[in-house]
Number of protein chains: 2
Amino acid sequence: MATSKNYTQVIIGGKVFTLSGYESEEYLQRVSTYLNHKIAECASVEGYRRQSAEMRNTLLALNIADDYFKAKRQGSILEQDMEQKNKEMYDLKHELISTQIKCEGLEQELERLRDENQKLQMQIVKLDVEMRNRKK
Amino acid sequence: MATSKNYTQVIIGGKVFTLSGYESEEYLQRVSTYLNHKIAECASVEGYRRQSAEMRNTLLALNIADDYFKAKRQGSILEQDMEQKNKEMYDLKHELISTQIKCEGLEQELERLRDENQKLQMQIVKLDVEMRNRKK
């Protein structure tokens, strides 16, 4: 978004309008294109064409507002999904951390058992040697 | 959303309009309330009041379309965030599974070592008994 005021010429409903504002020309052209599509969409309905200019303007405004409300609703659904996903993520992280802690505990226990194992094997070797010496 | 066509009277810009459509009355009233806020918002700007009726209608439509584009943009950002979150979630699940598999492997190794240790201890006891018997 630009920080200085722009003057942009757009064509809406076949008429040229000069818009002033801080939005970029590219953005204003995109919004105008959308508006022209909306106008064409409305005009394709016979019931719309039969209305007074005032009613047509109101129906057009309602139609755009309907798009806005639908986009907002879509956003709310996404926000709820996001919240749900964040909760799942939190639980997953929790589970991962406790599994990692469990792993560390198992590794320590394994280390201790390996040490014990080695000592026992040495003790057996010692006893074996002792036995053999006695036999002599 | 209702499935049968409704006729709803709403007040927009101080005038009564009868709208027909499949949207609920509650929804149409909410959209109308929003529109009235937009009209009031535009009318509070002196530059807007000085415009022709046609320009005012176009500016109002642009203003609502601007809300729509912003809501849509917000939705796109949320969708991108969601995609990112889904990727993180996938990686986390992957990491959790491999940590769980590692844990299982460690538990099996621990079981094996415990068995081995028990056998070694029994062997020592046997050797001890044998030694003691020989001494007699």
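Of the residues A:Met131, A:Met89, the single one that is at the interface with another protein chain (Cβ under 7 Å from one of its Cβ atoms) and over 30 Å from B:Glu107 (Cβ atoms) is A:Met131. For beta carbons closer than 7 Å, sequence separation of 6+ or different chains, a first residue in the stretch A:116-136 that is under 13 Å from B:Leu127 (Cβ atoms) and polar (S, T, N, Q) and a second that is open to solvent by less than 90 Å² (accessible area, probe 1.4 Å) and part of a helix (DSSP H, G or I), the qualifying pairs are A:Gln121/B:Leu120; A:Gln123/B:Ile124. Of all residues in the stretch A:92-119, those satisfying the criterion of being more than 7 Å from chain B (Cβ to nearest Cβ), of a type outside the set (Gly, Ala, Ser), more than 30 Å from the chain's Cα centre (by Cα) and within 30 Å of B:Ile97 (Cα to Cα) are A:Glu104, A:Gln108, A:Glu111, A:Arg112, A:Asp115. When the residues of the stretch A:69-86 are filtered to those that are within 10 Å of chain B (Cβ to nearest Cβ) and among the acidic types (Asp, Glu), the one that is farthest from B:Tyr68 (Cα to Cα) is A:Asp81. The helices (runs of 4 or more DSSP H) found entirely in the stretch B:24-136 that carry 2 or more residues being surrounded by 14 or more Cβ atoms within 10 Å (Cβ to Cβ) are B:25-43, B:53-135.
Condition test on A:Ile11, is it within 9 Å of another protein chain (Cβ to nearest Cβ) and not polar (S, T, N, Q)?
Taking the combined requirement at face value, the residue does not satisfy it.
Summed over the stretch A:11-34, the residues that are in contact with a Lys or Arg (Cβ under 7 Å, 6 or more places away or on another chain) and of a type in the set (Gly, Ala, Ser) give a count of 2.
The values are calculated or read from the model by the stated rules, or taken from the named source; none is laboratory data. For clarity, every value in this text was computed on a predicted model and none was experimentally measured. Note that we place each Cβ from the backbone using ideal geometry, even for glycine, and neighbour counts take in every protein chain shown. Accessible surface areas use protein heavy atoms only, side chains included; no ligands, DNA or RNA. Shrake-Rupley method; radii C 1.70, N 1.55, O 1.52, S 1.80 Å.
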